[in-house]
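Right, one structure below, let's go through it.
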Amino acid sequence: MSKTFEQFLSEQLTAGVIDQQLVNLLAAVAQLSKQINDKVTNGALAGVLGAAGTDNIQGEHQKKLDVISNEIFVRGVQWTGSVSGMASEEMDHCLVTPDAYRRGKYLILFDPLDGSSNIDINAPIGTIFSVTKAPKGEISDESFLQKGRKQVAAGYVMYSAQTILTVTVGKGVYMFTLDLSTGQYIMSKEAVHIAPSTAEFAINASNWRHWERPVQRYVQELLEGINGPLDKNFNMRWVAAMVAEVHRILCRGGIFMYPKDNRDPTKPGKLRLMYEANPMAFLIEQAGGRATNGYENILDIQPTKLHERVAVFLGSSEEVHRVTTYHI
Ligand code: AHG
Ligand code: MN
Ligand code: MN
C-alpha cells in the first residue's frame, strides 16, 4: 500500500520522533508547496513569470514567483500554532508570529523559491525549509542564529517533471512524489543513501578565474580524469538550482560545489547558510554524505547573521573529504 506523507508523519509521531506541533508544521509545508506547484505548473497562464521589479536585502532582483512563494509560505505557516517566528531569503528580518495566532515551539526558515534564474525557462526550481526549536523569550533575528546541527527537520520540494518532497526529521531521508490525480504526496523512496565514491561533479565553472587555489587544483584534477592523480573520469552537471543538484546527489551520488571566490571579500560564497546550506547539509548527512565549507562541517558553523553566506561542498563523502583536505 502506498504511504502518504500524512501517514508518515503520524508514524513518526507515534514513534516519538516528532510531536504534534511539528506534524502540523510539516503538513502545512507540504500543503503550501502544492499551492506553489500550481503556480509553477501554470506559469505564464497564472501570470507568475518575469521580474517583480523589487530587490531583496541581498541586492538580488526578485522574480514574481520569489515574492508570491514567500507570501504563500508566510501566510500559510503563521497560523499553524507551531511557530513563534519565521525567516526567509525574501524578508530583511524575521517575522514574529502575529498576536492573532498561537505561538508554537518552533522557528522555520525558508528559501521560498530556489533557482530563480530557472523560473522563466521552465527548468527545475524548488523550495527549501529548515526547522529549529524557538529559544525562550522574545523572538528576534538572533533567535534564528543556531548551528545547523540543532535542526529538528529540514527538506525541500522540487518542482520539475515530477514534484518531489524530500524530508528528514533526523532519522534518515524520505522522498514523496506528488500524485497529481489525488493531490497527495506518496512515499517514493526511503532510507536514501549516498554512496561514498562518485564520478560526477557540479560547479559553475564560469567562475574559475575567481576561485581560490584549493578549488582550482581540485577541479583541475577532476577534469584530468584518468590522466590525472584521481585516476578516474568524471562527468559534470550544472542545473543552477541547488534543490535540483542536491536531489540528483541524493538519487545517484556526486559532489556539488559553490565555493567562496575572490570577487567580493564581504561575501564568503553565494549560498546562504541558514536556509540553503544548513537544511541541505542536514539531508546530506542523514543520507550518509558530507557537507563542509572547505574547513569544517556546515552543520557545526556558528551563524552570526540571518542572511550570512557560506562556501558549500556537499555530497559523496570521499570527494567532499578530498576537496576539504585541499583547503587545510
Ligand atoms: P536563489 O534562486 O534562491 O537565489 O538561489 C540560487 C542559487 C542556487 O540555487 C544555485 O545553486 C545557484 O544560485 C546558481 O548560481 P549561478 O547563477 O551562479 O549558476
Ligand atoms: Mn536558493
Ligand atoms: Mn530563493
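Using every pair of distinct Cα positions in the stretch 5-189, the Kirkwood expression returns a hydrodynamic radius of 16.8 angstrom.
Would you compute the Debye intensity of the chain from its alpha-carbon atoms alone, equal scatterers and no solvent, and pass along log10 I(q)/I(0) at q = 0.06, 0.08, 0.09, 0.11 Å⁻¹ to two decimals? Log10 I(q)/I(0), no solvent term: -0.19, -0.35, -0.44, -0.67. You can think of it this way: the chain between Thr182 and Cys251 has 22.4 nm of extra reach, that is 0.36 nm per residue less the Cα-Cα gap. Amide H to amide H distances under 5 Å link Tyr106 with Val83, Ser84, Ala134, where only residues 5 or more positions off or on other chains count and H is placed in the peptide plane. Taking 7 Å steps out from each Cα toward its Cβ at Arg322 and Ile226 produces label points 1.6 nm apart. Taking the longest Cα principal axis of the chain as reference, the axis of helix 20-42 is set at about 70 degrees.
Projecting the Cα atoms of Thr324, Tyr218, Thr266 onto the dipole axis of the stretch 200-327, where Lys and Arg carry +1 and Asp and Glu carry -1 at the beta carbon, places Thr266 farthest toward the positive end.
For the chain, the longest principal axis of the alpha carbon atoms and the long axis of helix 317-327 meet at an angle near 70°. A simple charge model with +1 on the Cβ of Lys and Arg, -1 on the Cβ of Asp and Glu and nothing else charged puts the dipole of the chain at about 300 debye relative to its Cα centre. In the chain, the longest principal axis of the Cα atoms and the axis of helix 242-252 are about 70 degrees apart. The antiparallel fraction among DSSP beta bridges confined to the chain stands at about 85%.
Subtracting the Cα-Cα distance of Arg102 and Glu190 from their residue separation scaled by 0.36 nm leaves 28.3 nm. Using only side-chain charges placed at the Cβ, +1 for Lys and Arg and -1 for Asp and Glu, the dipole size of the stretch 1-152 relative to its Cα centre rounds to 580 debye.
Label sites at Lys171 and Gln31, each approximated as a point 7 angstrom past Cα along Cα to Cβ, lie 2.4 nm apart. Fully extending the segment from Thr54 to His210 would add 53.3 nm, taking 0.36 nm per residue of separation and subtracting the current Cα-Cα distance. Positive end of the dipole of the chain (Cβ unit charges, origin at the Cα centre): among Met158, Thr14, Ser140, the Cα lying farthest that way belongs to Thr14. In terms of the mean number of neighbouring beta-carbon atoms within 10 Å, the peptides 163-174, 263-274 order highest first as 163-174, 263-274.
Values quoted throughout were computed directly from the atomic coordinates according to the rules given, and no laboratory measurement underlies them. Worth saying up front: this structure is predicted, and the values here are computed from it rather than measured. Note: ideal-geometry Cβ built from the backbone for every residue, glycine included; neighbour counts use all protein chains shown.
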